[in-house]
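Accompanying notes for the structure given below.
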Amino acid sequence: MLTALRHLCHGMPPTPVFSVGPVRRYLSWENEQRCRRLLKASTDRYRQEPVSAAVLVSLCSVAGVPALLYTLRSSTMTGLHKGDVSFPGGKRDSCDRDAIATAIRETHEELSLRLGEDRVWGVMKPVPDRRGLTVAPVLANLGPLEHLTLKPNPQEVETVFTLPISHLLQEENQGYTNFCHKRQYSHTLPVFLHGPHRIWGLTAVITDLTLELLAPGTYRRRTRTQATR
């Protein structure tokens, strides 16, 4: 657990309480209700329609500062995702009644964290991974991290870390890669830099969409395809 805690406060030097008020709005009751309204249609749909997998987009606070929690997949795992930064989550099990159940179950298996559905703000539109599986991002607020006891499963998780939402919103910590296919523009994927680990791939895409939801007017989405240019 010590290795898992080393980076929890990365990028968050001690800050006077009076100076972090504007940032706290991302986890405010008002912003939660706004996000729940925006996600209602998608949440209702994916409570009925099965998806291949789900991840828990884990909002939290560290020393009062809003952040996102990530895991680093164990390098001893088999498969494509070993050693990758990710959100807790995984494939749907036959016993899972919906995407929310998948995300909550997988989070418990990975971090020994029991989360009630009341903590879930909603289900975002699923995105495809590099194998073509549909992955549903389930947005939830874990609350103050200091009040939680995380016990990462060493077979699946190498470490746990958080990044402040304010860090992710800073342009100097954002990047992107344009991809071409047969010499024509194909798509653009985001990347988030200057944390303990580089955030890229599907996790970066979901982070991108989450920031757009949490901070409209402040954050400009980086993910682009030919259809959305």
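All of the numbers you see were taken from the coordinates with simple rules; none came from a lab. Computed from a predicted structure; not experimentally measured. Here the Cβ is made from the backbone with ideal geometry for all residues, glycine too, and neighbour counts use every protein chain on show.
For the reader, a short list of remarks on this structure follows.
- Placing a pseudo-label 7 Å from each Cα along the Cα-to-Cβ vector at SER112 and CYS180 gives an inter-label distance of 5.1 nm.
- Label positions at ARG220 and HIS187, each projected 7 Å from the Cα along the C-beta direction, are separated by 2.2 nm.
- Peptides 91-98, 63-70 ranked from most to least packed give 63-70, 91-98, packing being the mean of other C-beta atoms within 10 angstrom over each peptide's residues.
- Theoretical FRET efficiency, 1/(1+(r/R0)^6), r = Cβ-Cβ of TRP29 and LEU169, R0 25 Å, to 0.05: 0.75
- Under 5 Å, built H, 5+ apart or other chain: amide partners of GLN174: LEU193
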